[in-house]
Each structure stands twice: as C-alpha cells, then as structure tokens.
Amino acid sequence: MVFDIYENEDCLEVNNFYKKLLAEMPDLLFQFIIDKDNNYSFPLVSKSADDIFEISAAEFANDIKLIIYDRIFPSDRELFFQSLIKARNQVKPWEVEFRAVLPKKGLRWFKISSKTEKSSADSDSISFFGHVSDITELKDKEEKLRLSEERFQFALDASTVGVWDWDMVTNSVFYSSLSLKILELESADIFDDPERWDKIVHPDDLPKYYSDIQEHFDNKIPYYENYHRVMTSSGNYKWILDRGKVIKRDENGKPLRVLGTHTDVSLQKEKELEIIKTMKLYSDQNSRLLNFSHIVSHNLNTQAGNIKSILDFIDADVDKQTVSEMLLHLRTVSNDLNDTISNLTQIVKTQSNINIAVVPLKLCEYIEKTITTIKGYDKQKNVTVVNNVPNYLTINFNPAYLESVLLNFTTNAIKYAHPDRDPIVIFDFAIEPEGQKSLKITDNGLGIDLAVHGDLLFGMYKTFHKHEEARGIGLYITRNQIEAMKGSISVESEVGVGTSFKIVFSDL
C-alpha cells in the first residue's frame, strides 16, 4: 500500500518536525519497490507529487505504470524504462533525465536520482529511494546558453577576428581557434602565458606595443589598439591588429583580466607598404625629372650659347686665323654637346625601359668578365681584384646593366686610387637580414667625405676628385640601373682609407 505521511494517522514514528521538513522540500521524494513479478508499489510518496508530476499520493495506490508511461514524452520512454531496468538488474543507483507532458503545465523536464538496494523483506524485490526534480528552468537556461554559444561560435568562425582572454591572476591566456590559425598553430600550449607571446613580437614593434598596453593598464585610455608583427610557427612574420580591454580590476585599479582580439592585417599592410613604396617611387621620379630638366636646360643652353657666340665671332671677323680657331672651338663644343645628349639619352632609356629583360645571372662569372675587361685599363697601376663571390650564386638582373654596374665601380676604384698604394678592389657576397642577396664592392682609394658630399654622391655631373676623365655621370647612371632592377645601393667611405658600395638585389 502507499504510505502517505500526511494522511496516515498511525505513522507515529514520523514527528511533526519531519512532516514540516518534507513539506518544504520542492522535490518529489519517493520510495518504490519492484517485486519479482514486476509489480510496482510506493511505500512513500511526498506531498509535492501533485505539484511536480500532477499525480496525487492516492493515485500511487493504483497501478501507476500506465499513468507514468502515458505522461513521459514518447521519444524518452525507451530511455526511461531501460535505465530503470538496468538499475534494478545491477542494483546500482538510478539516474535519468526525461521529459513529460503534464495535463496543466504541459511539457516539462525532470531528473530522477535514487539509490537502489535489495529489499530486506524480500530478496527478490528491489527498493528505490530517491527524489524527482523539475529541471525545466535549468534545461531552458542550458538551451539558451547552447544557442548563445553556437551563435558566438558562428560569429567567430565567420569573422576574421581571433579572440584571446588573459587571466592576470593566474597569468594564463586563452586563444580562440582563429587566433591559433593566424599563428599557424594547432595548440595554445606554446603560448599559454603572456611572456611567450612577447617573444614572438617583432623586436622593432615591442616598444610601441608595450607603451600602448601600459597606457590602457594605467586607465589613460578606454582600450588599447596596436599594429605589430608576430612570428608564426613557419618562421615568417604576419602583421596583426591587436585590440584589448581590461574587464576586471581590483580595488586599487590593478588589472585582473583582459579580453581582446587579433586580426590578421598582413594583406592590408602589404598594400599600404606597396602604396608607400609607389609614392616614394613617384616622388623620386619627379625629383629626377626636375633635376633632369634643370640639367638639360643648363647644359644645352650653355652649349647652345657657346655655339652662338662662336658663330657671332666668325660673322664679325673674316680673318682666316680667327675663323680657324673658332672652328676648333666649335668642334669642341659640338663634341661636348654630343656627349651630353648621349648621356641624357642613356639616362632616359634606363628610367623609361619598363619591359627590360631580367634573367638569372651567375654573379661570379660577370665579375671575372669585368676583371678581364679592365686588365688594360691603366697599365701604370698594379691593380688587385679579389672575387669572394661563390660560383653557384645567381641573381636576377639585366645582363647589360650588370656589366655596366660592375665595370663602373671597378674602373672608379682604379681611377680614384690612392697615390701612395696600389689599388685593391674586393667583391664580397652576403645575405641580408630580410633574406635578400647583396654584393659589397670595397676599394682602398681616396675615399669620399660623405659629410660634405653624401647628398650629392649619386647626382648627375657631380664630381668629388680632380681627374681628367671625371664626368660625374657614372654613379648617376649606375644607381638608375640598379633601381630599375628594384635593387638599392648604399655607400660607406672614409677619406684616405677607401670606399665601400653595397648593392642589395631584388628577387624579381
């Protein structure tokens, strides 16, 4: 029979205290027994049965199986009874979550938790002692949380932003899957603390990175934002936009937790750098064009004026001797004008030749070719040329330009040799920090005072030493040829010691 402590006046062992205590329990408390014939009996059912499951204690006196079966949500019935049978057969605790459709409340979620033991009166019977909880609100919250997490995860997956969460109390950092993807990592283990992250930030970007973060930590700005490069697992640097905000501080304002994002902006930065590079190229070209126009205007006007003056002399003086002398001057001026036009033509060709051929060239072979070419250049000087460039090395360059560049630097080293020593020219190869190939050409000649002439060194018609063959055009043309190949040139020099030019080649 059903043992109802609220209706059974003979239940003397249960005092009023326990009645009140059980009445306050929100869960349905129960004891039920399954005998060997699979009959159910409920010695104990708390008063909350009517409120929770909408079944009165009196109804439990009847065959309750059908009532319970009907109320359990159809797709949960098999799970419910299989878990019950398993707990009975194995005499193990019974726990199950299921849905039920109640007459008044409709669909609800329930959880049963009970202990299982063999009945002391009948060893073939199994007793269950436990409670039934209405977990509908909990399930609703779980469902809302699940949907929220799914939406959040979808937003993360669909965006290009990686999320990180820095717990400054434990000094540990969580990285989202996209943050790991940006860094080309499969696990966050390698960056589980901020110090490890700092090691992958490009050294040139660290001061500004630290400064921006500290300014926010000091509450001077509402959040921090910083562009910097980070080294990925492949060893390459990526540009990222790093944003962060302190979301928790202690009573003294010390940051305890920081939430932030990473965005891969490498493509954007590459475009920005390309724009800057293009603008610099246009600026340089405009400067050269302006310089070129000044030179053309000055040189051609000067030589045209000389020609006009000579012709005026000839018109004014019919003396044959004078005419003969003027014609000699005219020849000289004509030759100078021809040289000027030739030089200017070569410069224009270099700067305007867009489709110039670029092929892989063995640098060592071209240096050896230059050495052979200059053997008869100045027989009065005992020239030594040292070629330290390996035979296998290749660069992408125009053949005619490379011959011109190497020959110009080598002949300049001989032309401007120190009078107290034999000229030495050394060719050295190196790999730059960014991976480009470079060639250094060092001589022991007169040297150049860069403090005085540094800005004019590669200018047109700029000379720095007295020499009968000095024209001030060679270095200008050489720099234009190197820059036409997307390379760069720099110089170091000391007066009386020598000069070193370094060409950095581009991987065209």
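The values are calculated or read from the model by the stated rules, or taken from the named source; none is laboratory data. Note that the structure is predicted; figures quoted are calculated from it, not measured. Virtual Cβ from ideal backbone geometry, glycine too; neighbours counted across all protein chains shown.
Couple of notes before you dig in:
- The listed residue being at pLDDT 90 or above and aromatic (F, W, Y), out of F110, F191, F152: F110
- Of all residues in region 255-279, exactly one satisfies the criterion of being without any contact (Cβ under 8 Å) to a residue 60 or more places away in the chain and not in a helix (DSSP H, G or I), namely V265.
- Flag if E434 is of a type in the set (D, E, K, R), modelled with pLDDT under 70 and out of contact with any Asp or Glu (no Cβ under 9 Å at 6 or more places or on another chain): no
- Check on D212, acidic (D, E), out of contact with any Pro (no Cβ under 8 Å at 6 or more places or on another chain) and surrounded by fewer than 12 Cβ atoms within 10 Å (Cβ to Cβ): no
- Across region 417-445, the number of residues qualifying as outside any strand (DSSP E or B) and crowded, with 20+ Cβ neighbours inside 10 Å comes to 3.
- Unmet criterion (only one of (1) within 30 Å of Y40 (Cα to Cα); (2) out of contact with any strand residue (DSSP E or B) (no Cβ under 8 Å at 6 or more places or on another chain); (3) part of a helix (DSSP H, G or I)) for K139: (2)
- Every residue from region 392-409 that is buried (at least 23 other Cβ atoms within 10 Å of the Cβ) and closer than 18 Å to E432 by Cα: I395, F397
- Of everything listed in (1) assigned by TED's automatic domain parsing to the domain that holds W197; (2) hydrophobic (A, V, I, L, M, F, W, C); (3) modelled with pLDDT of 90 or more, the single unmet condition for V173 is (3).
- Residue match in region 380-403 (condition: part of a helix (DSSP H, G or I), at pLDDT 85 or above and more than 15 Å from A484 (Cβ to Cβ)): no
- Pairs meeting the criteria (first residue in region 123-145 and over 21 Å from E54 (Cβ atoms) and modelled with pLDDT under 90, second residue surrounded by 11 or more Cβ atoms within 10 Å (Cβ to Cβ) and small (G, A, S), beta carbons under 8 Å, at least 6 apart or on different chains) are S125/S119.
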